[in-house]
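**Student:** Okay, handing you the structure first.
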Amino acid sequence: MATSAPLLGKAAHSKASIFYGADEYLEELKKRYAHDHEIAALKNALPGEGDPNAAGVAQSNDKMLSVQKNNENRSLKTNRLFPTPNKPDPMPQNLAFLFTKITPEQMIYMWNVLTAIFCSQVLMVIGYCAALATFPDYWWTCTLCFGVPFSYIAIQNIYIDHDVMHGATFPVYEWQRFLTHPFADFFSLPWEEFVLEHNRHHASTVDLLIQGEFGWDPEEFHYALQQWAGPWSSNWYKYLLTVPFIPVIHFFGLNDTGSLFALEWWMHFPDEGAGGKCNKEFWSKWIPRRIKHNAFVLSLWACIWLLGTYPLGRPLSEGWRFMFTVSFFARIGYSAAWMFITNFTHSF
């Protein structure tokens, strides 16, 4: 049970405490949904009951924040009815755990785990630098001993990100939103937009094999590389031209936590205002978030650059050697995770 987990405190916390208690976090969660009404609107548009903490947010008519369907509740692309969850009633006892709502204590615990992953990544990079400084003649040994576990923890980072996104959308503390995926690329989407685009994907693609059925899906390009030519049996040779590029585009950042994907999303969101005017929250909400998030990301990579200089007896101009090695193994891990989530699960 999450309540007995080592990273989760059991005692109640006062307002003066530097730690949140479950009740305080739940109240803060409702305020966050009211402020980030875009996330609430998309979550409430998904099949199912939505997030009860976002229940007070009205439905949005913005194209990016709503499901695209006709007056008969059917897809504009396939004419299929928008699906509704087939929740058993009465609920069999052996299935009840699948529909149990996550508790505030479990939400806090999930963010603690995500924070621990970031701290582990930082310590691994520092340890790698120390190993190279201590054993300069064993570059390959030090690098592989660092790189393989670092790629693995990057994979776990994405799976924890995904669970936190759906189960505990907003961080317990403001600073935690910067720790979710800074090692993935040299710039990327802020946490809130990461959540938004992923929920946009779920709202658009409710069937794993029919992409963009209920609106634009930001991940459609990935699917095109593996599905554009039609049935595999008669078109297998065509896929030889496109499928090999899937790991390449992931490696260079065309995934949810990458730089190329961030550029794609920013070209679509937020929706323009009335009469083609700039969205009223573009400058007040979204631009500051993007600047703050990527300032943190760039600062992190600048520190990694510096670790690769004087501690290793190298000039400042050669810090890229250490930084690119760290980024290489990080990208392997993040790419592997996203290839499974995006391409593998949407290919059967």
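**Student:** Under 8 Å for C-alpha pairs, at least 6 residues apart: give me the relative contact order for the chain, rounded to a whole percent.
**Tutor:** 20
**Student:** Stretch Phe296-Tyr152 to full length: gain in nm at 0.36 nm per residue minus the Cα-Cα span?
**Tutor:** 49.5 nm
**Student:** Based on DSSP loop calls and a cut-off of at most 14 other Cβ atoms within 10 Å, the longest stretch of the chain free of exposed trypsin sites (Lys or Arg not before Pro) is what?
**Tutor:** 102-276
**Student:** Pop out the ³J(HN,Hα) list for region 219-228 in order, Karplus 6.51 cos²θ - 1.76 cosθ + 1.60 with θ = phi - 60°, rounded to Hz; leave Gly and Pro as x.
**Tutor:** Couplings: 9, 4, 4, 4, 5, 4, 5, 10, 9, 5 Hz.
**Student:** Given points 7 Å out from each Cα along the Cα-Cβ axis, report the Asp163 to Asn86 separation in nanometres with one decimal.
**Tutor:** If labels sit at Asp163 and Asn86, their model points lie 2.8 nm apart.
**Student:** For region 166-281, what does the equivalent ellipsoid look like in terms of its semi-axes, each the square root of 5 times an eigenvalue of the Cα gyration tensor, given largest first in whole Å?
**Tutor:** 29, 19, 14
**Student:** While we're looking at this one, here's another question. Need one number: convex hull volume per residue for the chain, Cα atoms only, in Å³.
**Tutor:** So the per-residue Cα hull volume is 198 Å³.
**Student:** Using the basic label-point model (7 angstrom from Cα toward the beta carbon), what is the Cys303 to Leu76 distance in nanometres?
**Tutor:** It works out to 4.5 nm between the two label points.
**Student:** Cα centroid distance between region 177-232 and region 301-348, in Å?
**Tutor:** 22
**Student:** Using helices alone, I'd like the mean residue ellipticity at 222 nm for the chain: each DSSP H run of four-plus residues gives -39500 (n - 2.57), total over residue count, nearest 500.
**Tutor:** The helix-only estimate for the chain comes to -16500 deg cm²/dmol at 222 nm.
**Student:** Note down, for region 19-99, the three equivalent ellipsoid semi-axes (square root of 5 times each alpha carbon gyration tensor eigenvalue), biggest first, whole angstrom.
**Tutor:** 27, 22, 7
**Student:** Turning to a different aspect of this structure: Given labels modelled 7 Å from the Cα in the Cβ direction, how far is it in nm from Val113 to Gln68?
**Tutor:** Result for the modelled spin labels: 3.5 nm.
**Student:** Roughly how far apart, in whole Å, are the Cα centres of region 233-253 and region 92-124?
**Tutor:** With region 233-253 and region 92-124 each reduced to a Cα centre, they are spaced 34 Å.
**Student:** Does region 208-348 classify as rounded, prolate or oblate by the C-alpha gyration tensor (a ≥ b ≥ c root eigenvalues; a/c under 1.5 gives rounded; else a/b over b/c gives prolate, otherwise oblate)?
**Tutor:** Taking the square roots of the gyration eigenvalues as a ≥ b ≥ c, region 208-348 is oblate.
**Student:** Then there's this: Counting GluC sites (Glu not before Pro) as exposed when in a DSSP loop with at most 16 other beta carbons within 10 Å, what is the longest stretch of the chain free of them?
**Tutor:** 73-271
Read-outs: derived from the displayed coordinates by stated rules, not from any lab. Computed from a prediction, not measured in an experiment: that's the story for all the values here. So basically every Cβ, Gly included, is an ideal-geometry build from the backbone, and we count neighbours across all protein chains shown.
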